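Following: one structure in structure tokens, then a few remarks.
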Amino acid sequence: MIETTIESLLTPLTPSVYPVTLPKGATAPALWIAWKTVTSVGKATFSTRGLTRARIQVDCCATRYLSAATLRASVRTALDGYNDGSIGVLFLSDTDLFDDELMQYRCVVEFYVFYAA
């Protein structure tokens with residue numbers, strides 16, 4: 001499962017890593033990550049399961065912009081170019097946002113993840 005690999009690569013960067021979003025009712029930590037699969041497209045054939053390309057979004061959130069941007073840079077270093085023979089990860093894009101509800105900066109980075117389905 002690619003989820004296990006992505007989670008294992010993100011967890012050393014901050015102890016607060018969540019799939020999809022911060023849990024409902026939880027207080028936002030000063031520095032945290034939420035990640036999700038945005039899309040997933042497969043190319044199966046009659047003789048193989050084919051290759052799947054997923055687009056993964058990683059939100060790096062913090063009370064200070066510089067902290068969120070630094071965490072995003074660490075995420076990019078950890079994931080971009082990763083290849084363990086079963087999955088490969090390539091940088092796609094990044095953007096900056098501000099979460100008015102949480103009053104935190106959100107530095108987003110997206111990757112393509114390639115794997116055999």
Some residue of segment 29-52 being surrounded by 18 or more Cβ atoms within 10 Å (Cβ to Cβ) and farther than 21 Å from residue 3 by Cβ | yes
Some residue of segment 75-86 being small (Gly, Ala, Ser), in contact with a strand residue (DSSP E or B) (Cβ under 7 Å, 6 or more places away or on another chain) and buried (at least 16 other Cβ atoms within 10 Å of the Cβ) | no
Single condition residue 105 does not satisfy, out of (1) more than 19 Å from residue 51 (Cα to Cα); (2) out of contact with any Ser or Thr (no Cβ under 8 Å at 6 or more places or on another chain); (3) surrounded by 15 or more Cβ atoms within 10 Å (Cβ to Cβ) = (2)
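If you go through segment 104-117 one residue at a time, do you hit one that is of a type in the set (A, V, I, L, M, F, W, C) and over 25 Å from residue 1 (Cα atoms)? Full working, then the answer.
Narrowing segment 104-117 to residues of a type in the set (A, V, I, L, M, F, W, C): 107-109, 111, 113-114, 116-117.
Okay, now just the ones that are also over 25 Å from residue 1 (Cα atoms), so 107.
Yes.
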Do we find a residue being assigned to a helix (DSSP H, G or I), under 27 Å from residue 117 (Cβ atoms) and in contact with a helix residue (DSSP H, G or I) (Cβ under 8 Å, 6 or more places away or on another chain) anywhere in segment 38-56?
-> no
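Every number here is computed from the coordinates shown, using simple stated rules; none is lab data. Quick caveat, the model's predicted, so the values are computed rather than measured. Virtual Cβ from ideal backbone geometry, glycine too; neighbours counted across all protein chains shown.
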